[in-house]
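The values are calculated or read from the model by the stated rules, or taken from the named source; none is laboratory data. Owing to the predicted nature of the structure, the values given are computational and were not obtained by experimental measurement. Methodologically, a virtual Cβ is constructed for each residue, glycine included, from the backbone with ideal geometry; neighbour enumeration extends over all protein chains shown.
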Amino acid sequence: MIEVSGLRKDYGGTRAVDDLSFTAPSGKVTGFLGPNGAGKSTTMRMVVGLDRPTRGGAAIDGVRYRDMAAPLRTVGALLDTGAVPRGMTAAAHLRWVAAAARLPDRRVDEVLGTVGLSDVAGKRVGAFSLGMRQRLGIATALLGDPGTLLLDEPVNGLDPEGVRWVRTLMRSLAAEGRTVLVSSHLMGEMAETADRVVVIGRGRLIADTTVADLVRRGSGGRVRVGGPRAESLAAVLRDHGYGVEAADGAAAGGQDGTASLVVTGAEAADIGELAARYGLALHELTPERPSLEDVFMEITGGSAGHVFAPAAAVTGGER
């Protein structure tokens, strides 16, 4: 489990992270989301001790990174794929890291196989594509077989097959009880991969909740509904304060005509109960939830950069 508590980081007069607190639980994939400049990478660097917090702190399974006796056996991190010397081969880089961390040399071949780089183990990193460097970075993070993974944009540069591979890997690691914290700008991918999301903007928490709960809270939730007495149904729904419009710009049917409507501000169960109460048959009742990307854009609007503008945090859901 990763616990971030009251974390702050100032660079001169710029506050990159401001009183940030959240938890990434074990056995879950937690998506770490925010606009460019929101403070995600800075936060991850502070969690693994690469940057010193101005105030507050972070712990992994109750221990600060700098206090760990064998950190690579506890935490694996992918933060900067450009940090590997271009003249080293993939295998040489991993063997150097393994030796420094007193890890068995057999782990090098194991992780190269896991990330699909066995065939290019003797190739110099400078000749690698961005996607191959990403795979090497993930291999480095997995080298100590850690219980906690921090991955900063792990699918950057990967083709669709590679993106699917990373998604499957993260889900399988979480299923083993490991903690996975991953940042990404691909909202569709996070919707399929993450159990929870932590959203920050200008260094401060905006949301810390499950993916499903965050999407439910989006203001774009709509329900498509249709039946043989659409006009009467529309009148009932409007009388109860719900927004109603014709679906796809089509005109609603007559008193007995079948038509489809789009209803806002109501849950599907609310509409079904009203239709039953007034004896109105329904042929269609389909919730149309906003996407994670829609909700992300809604709650982070205007929050790019480091200077904080107050915003209410959304929290909740299973922890």
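Quick check on Val63: is it within 26 Å of Ala174 (Cα to Cα), among the β-branched types (Val, Ile, Thr), crowded, with 23+ Cβ neighbours inside 10 Å and in the same structural domain as Arg202 (by TED's automatic domain parsing)?
Working: within 26 Å of Ala174 (Cα to Cα): yes; among the β-branched types (Val, Ile, Thr): yes; crowded, with 23+ Cβ neighbours inside 10 Å: no; in the same structural domain as Arg202 (by TED's automatic domain parsing): yes.
No; evaluated as a whole, the condition is false for this residue.
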Give just the number: which of (1) aliphatic (A, V, I, L, M); (2) under 29 Å from the mean Cα position of the chain (by Cα); (3) surrounded by 20 or more Cβ atoms within 10 Å (Cβ to Cβ) does Leu130 not satisfy? (3)
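When segment 5-15 is examined, which residues are found to be surrounded by fewer than 23 Cβ atoms within 10 Å (Cβ to Cβ) and part of a strand (DSSP E or B)? Before you say what the answer is, go through the steps one by one.
Looking only at segment 5-15, we keep the residues that are surrounded by fewer than 23 Cβ atoms within 10 Å (Cβ to Cβ), and these are 5-6, 8, 10-15.
Matches in segment 5-15: Ser5, Gly6, Arg8, Asp10, Tyr11, Thr14, Arg15.
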Hey, which of the helices (runs of 4 or more DSSP H) in segment 211-319, taking only ones fully inside, have at least 2 residues that are at pLDDT below 85, among the acidic types (Asp, Glu) and within 30 Å of Asp18 (Cα to Cα)? 292-300
Which condition number in (1) among the aliphatic types (A, V, I, L, M); (2) crowded, with 19+ Cβ neighbours inside 10 Å; (3) over 19 Å from Arg133 (Cβ atoms); (4) modelled with pLDDT of 95 or more is the one that Met1 fails? (2)
Checking Val236 against (1) assigned by TED's automatic domain parsing to the domain that holds Ser129; (2) farther than 10 Å from Gly31 by Cα; (3) surrounded by fewer than 22 Cβ atoms within 10 Å (Cβ to Cβ), the condition it does not meet: (1)
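Looking at the structure I just gave you, is Leu214 closer than 24 Å to Thr286 by Cα and in contact (Cβ under 8 Å) with a residue 40 or more places away in the chain?
Numbers: closer than 24 Å to Thr286 by Cα: yes; in contact (Cβ under 8 Å) with a residue 40 or more places away in the chain: yes.
Yes: the conditions hold for Leu214.
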Among (1) more than 15 Å from the chain's Cα centre (by Cα); (2) assigned to a loop (DSSP other than H, G, I, E, B), Ser21 falls short only on (2)
The one condition Pro53 fails out of (1) in contact (Cβ under 8 Å) with a residue 60 or more places away in the chain; (2) in contact with a helix residue (DSSP H, G or I) (Cβ under 7 Å, 6 or more places away or on another chain); (3) not hydroxyl-bearing (Ser, Thr, Tyr) is (1)
